[in-house]
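Here is the structure we will look at, set down as structure tokens.
What follows is calculated from the coordinates using simple rules that are stated; it is not laboratory data. Values in this document were obtained by computation on a predicted structure and should not be read as measured data. Reconstructed Cβ throughout: ideal geometry from the backbone, glycine too, with neighbour counts over all protein chains shown.
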Number of protein chains: 2
Amino acid sequence: MMPFPADRHLHIGAIIFPRIDQFDFTGPFEVLSRIPNSTLHIGWKDTSPVRDVKGLLLTPGQTLATMPPLDVLVVPGGAGQVDLMEDEPVLSFIREQASHAAIVFSVCTGALTVGAAGLLKGVKCTTHWASFDVLEHLGAIPTNQRVVIDGKFVSAAGVSSGIDGALRVAALLRGERAAQEIQLYMEYAPEPPFQSGTPETAPAEIVAAARAGYREITETRIALARRIASNSA
Amino acid sequence: MMPFPADRHLHIGAIIFPRIDQFDFTGPFEVLSRIPNSTLHIGWKDTSPVRDVKGLLLTPGQTLATMPPLDVLVVPGGAGQVDLMEDEPVLSFIREQASHAAIVFSVCTGALTVGAAGLLKGVKCTTHWASFDVLEHLGAIPTNQRVVIDGKFVSAAGVSSGIDGALRVAALLRGERAAQEIQLYMEYAPEPPFQSGTPETAPAEIVAAARAGYREITETRIALARRIASNSA
């Protein structure tokens, strides 16, 4: 896509929900709230604060029902994402906004929510490494990159990859220079102190322990994805 | 320092405040809330939500007065940090907690708040690139690295460097393996899409425009730092 004209005001909207992983949202917020001539909307079913999986309170600015038509829909993930996969009001909201949005941006397991809405069939995308095998059950084309762009769908892998994804989104919306200005403000020149950010690079025993810890929720997600696929077949 | 014994419960506390840069806090939160056998406290003068510089509401869990003695004190920055540099109740809180904490961790311009409390005299530290020249006026030794560790003082440079700093803090507290586990969960293997994260690497015209935009707040910070230094001389 070409960047929008500078004088076109952009509406960007993110869904937050109970047991979100806050960083799936706050990383992209840092970037997307700085896009020139734009408004960032934060919505959920009601305007009560929601608690992230580690306890941080995040407060919606409005309900999903009052969100304007969005140019960019942001769908974060986290453990609580499981409860959205058969939540028809949320899935309907995503479908409706996605029908006219220029970009649908999922972060982490937010991709599974977008997939549960039936939007990722035949679409290349990614998600958190521990949930990567769930994607195919939703009809998506799992693609092992940190950020995947396929048509209007931008997906970032796990948690912190939302920063990289959001900078890509910023460049799509307003051009590379706008994204570079935000990157400089954020001083985003990362220096991870360890090489443990992916299953390919982390110490093997850490990966094995993490996979074991995720087994139950991953199996839940696969079971949900299969049920959703069979219901929509 | 040596990591703490695994059975020693750790108290980590972060200050939030109006016009904080939310990412100075939420980046470290993502890491530090996952340190085994620890509690992360979020405090401000009262428990009303505070609004970050771009509008995100963050809610303190308690007041500064009810914070327990902390093992780690986290001091984020952002535009609103300027108002803390002569706020005696906040500075007293920082001094008192710092007197027994194992680690005082500043992110971005949070270093200027710690410096205003008189704690960085002769200490190597860093801050957001646009405020780097303020440090010397607080008696600190400005050190141009992404994360600087000098004794109990850990300082991270601008905004997103708080992630790298927090992973270093996690390793100091619980050992490298604990930090690596968190890094894998977060899938922190960054791939910035542009090389615009520091004044040394960003396009020159972007750096010049950014410096011009920061001039006023930087001059305010320098004037404050000079006044603080002359008052304490």
Discussion item. Just checking, does the range A:101-122 include any residue being polar (S, T, N, Q) and under 30 Å from residue B:215 (Cα atoms)?
Written reply: no
Worksheet, complete the sentence: Restricting attention to the range B:125-147, the residues that are over 15 Å from residue A:189 (Cβ atoms) and among the hydrophobic types (A, V, I, L, M, F, W, C) number exactly 6
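Taking the conditions exactly as written (away from chain B (no Cβ under 11 Å) and within 15 Å of the chain's Cα centre (by Cα)), does residue A:12 satisfy them or not?
Yes.
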Worksheet item: What single numbered condition from (1) in contact with a Pro (Cβ under 7 Å, 6 or more places away or on another chain); (2) free of Cβ contacts under 8 Å to residues at least 40 places away in the same chain; (3) buried (at least 21 other Cβ atoms within 10 Å of the Cβ); (4) more than 18 Å from residue A:27 (Cα to Cα) fails to hold for residue B:132?
Response: (3)
Worksheet item: Looking at this structure, is residue A:31 touching a helix residue (DSSP H, G or I) at 6+ places or on another chain (Cβ under 6 Å) and hydrophobic (A, V, I, L, M, F, W, C)?
Response: yes
Item to complete: For the range B:36-47, name all the residues that are closer than 24 Å to residue A:29 by Cα and either surrounded by fewer than 21 Cβ atoms within 10 Å (Cβ to Cβ) or within 11 Å of chain A (Cβ to nearest Cβ) (or both).
Response: B:40, B:41, B:42, B:47
Worksheet item: What number goes with the only condition from (1) in contact (Cβ under 8 Å) with a residue 40 or more places away in the chain; (2) aliphatic (A, V, I, L, M); (3) more than 7 Å from every other protein chain (Cβ to nearest Cβ) that residue A:204 does not pass?
Response: (1)
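Give the range B:88-112 a look and list any residue that's in contact (Cβ under 8 Å) with a residue 60 or more places away in the chain and buried (at least 17 other Cβ atoms within 10 Å of the Cβ), or say none.
As a first pass, look at the range B:88-112 and keep what is in contact (Cβ under 8 Å) with a residue 60 or more places away in the chain: B:90, B:93-94, B:97, B:102-103, B:105, B:107-110, B:112.
The answer is B:90, B:93, B:94, B:97, B:103, B:105, B:107, B:108, B:109, B:110, B:112.
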Item to complete: Filter the range B:140-172 down to residues that are in contact (Cβ under 8 Å) with a residue 40 or more places away in the chain and β-branched (Val, Ile, Thr) and give me whichever is nearest to the other protein chains (Cβ to nearest Cβ).
Response: B:159
Worksheet item: Given the residues A:123, A:74, which is the only one that is buried (at least 19 other Cβ atoms within 10 Å of the Cβ), touching a residue at least 60 places away in the same chain (Cβ under 8 Å) and either in contact with a strand residue (DSSP E or B) (Cβ under 9 Å, 6 or more places away or on another chain) or of a type in the set (A, V, I, L, M) (or both)?
Response: A:74
Discussion item. From the list B:181, B:191, B:187, exactly one residue is under 22 Å from residue A:107 (Cβ atoms), in a helix (DSSP H, G or I), more than 20 Å from the chain's Cα centre (by Cα) and of a type outside the set (S, T, N, Q). Which is it?
Written reply: B:181
Worksheet entry | Test for residue A:218: is it crowded, with 16+ Cβ neighbours inside 10 Å, among the polar types (S, T, N, Q) and part of a loop (DSSP other than H, G, I, E, B) | no
Worksheet item: Of the residues B:225, B:209, which single one is crowded, with 18+ Cβ neighbours inside 10 Å and part of a helix (DSSP H, G or I)?
Response: B:225
Fill in: Residue list for the range A:121-139, filter: assigned to a loop (DSSP other than H, G, I, E, B) and within 14 Å of another protein chain (Cβ to nearest Cβ)
A:126, A:127, A:128
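Do we find that residue A:55 is at the interface with another protein chain (Cβ under 10 Å from one of its Cβ atoms), at positive phi, surrounded by fewer than 21 Cβ atoms within 10 Å (Cβ to Cβ) and not basic (Lys, Arg) in this structure?
Taking the combined requirement at face value, the residue satisfies it.
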Worksheet entry | Identity of the residue in the range A:173-198, more than 29 Å from residue B:132 (Cα to Cα) and facing another protein chain (nearest Cβ under 7 Å), that ends up surrounded by the fewest Cβ atoms within 10 Å (Cβ to Cβ) | A:198
